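Notes follow the structure.
The values are calculated or read from the model by the stated rules, or taken from the named source; none is laboratory data. What you see is a predicted model, and the numbers here were worked out from it, not measured in a lab. Every residue, glycine as well, gets a Cβ built from its backbone with ideal geometry; the counts of neighbours run over all protein chains shown.
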Amino acid sequence: MQPQPTDLDLLRSARHGDGRAFHALVDRHARMLFGLAYSLLNNAADAEDVVQETFAGAFKNLAKFEERSSVKTWLSRILVNQVAMFKRDHRSAKSESLDQGFGGAGGEASGGGGSTTAGVDARLDLHATLQKLSDEHRKVLVLRELQQLSYEEIAAVLDVPRGTVESRLHRARAELRKSLGADFA
């Protein structure tokens, strides 16, 4: 049995015209990128659009990947840039309520018992609180806590020094604790 190719192997093959290799990268990273996009945009349809644009941008720029970071970090950086462009382009239409943004999320999970509903409520509270944070605090928290990137990877994605990541993360956690209050502390 042959070992699974690494992300870098797949990217190099995709550079040489192997469409299956690029599709394998998409399959590997689509879910993670969707989670990141959704955490930053609070809307599933917008997150899907941004993920598609991310992969389109990655495909167009395969030759520009310099292999100084992981493929995951490179894709995350493209996505963060796509989210920024999306927000810039959609400022006038951005006032969608939290309830609309979570469209079917509550209905799917609330069919069970009370503990499931409590878990959904806690996730909704946390998600709503994340949306209240500044963009830079939300990005660093999502990348570290939800996407589990290292400080170095976050620094590469956000194009800031590691020390900036550490200080933003410290401030973001403090702001999150303050917003959530005693219920989650």
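For (1) over 24 Å from Arg144 (Cβ atoms); (2) outside any loop (DSSP other than H, G, I, E, B), each residue gets a yes or a no:
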site: Phe22; (1), (2): yes, yes
site: Phe34; (1), (2): no, yes
site: Leu40; (1), (2): no, yes
site: Asp46; (1), (2): no, yes
site: Asp49; (1), (2): yes, yes
site: Gln52; (1), (2): yes, yes
site: Glu67; (1), (2): no, no
(message) Would you confirm, using the coordinates I've provided, whether Leu149 is out of contact with any strand residue (DSSP E or B) (no Cβ under 6 Å at 6 or more places or on another chain), in a helix (DSSP H, G or I) and hydrophobic (A, V, I, L, M, F, W, C)?
(response) no
(message) Scan region 85-105 and tell me whether some residue there is under 15 Å from Tyr38 (Cβ atoms) and at pLDDT 90 or above.
(response) yes
(message) I'm checking my understanding of the structure. Among residues of region 14-60 that are small (Gly, Ala, Ser) and farther than 17 Å from Lys72 by Cβ, which one is nearest to the chain's Cα centre (by Cα)?
(response) Ala47
(message) If I filter region 49-80 down to residues being free of Cβ contacts under 8 Å to residues at least 24 places away in the same chain and among the polar types (S, T, N, Q), which single residue comes out as farthest from Leu11 (Cα to Cα)?
(response) Gln52
(message) Go through (1) modelled with pLDDT of 85 or more; (2) closer than 20 Å to Gly35 by Cβ; (3) surrounded by 14 or more Cβ atoms within 10 Å (Cβ to Cβ); (4) out of contact with any His (no Cβ under 6 Å at 6 or more places or on another chain) for Val160 and report which single condition fails.
(response) (2)
(message) Restricting to region 1-45, give me the number of residues that are among the hydroxyl-bearing types (Ser, Thr, Tyr) and either closer than 17 Å to Asn61 by Cβ or touching a residue at least 60 places away in the same chain (Cβ under 8 Å) (or both).
(response) 2
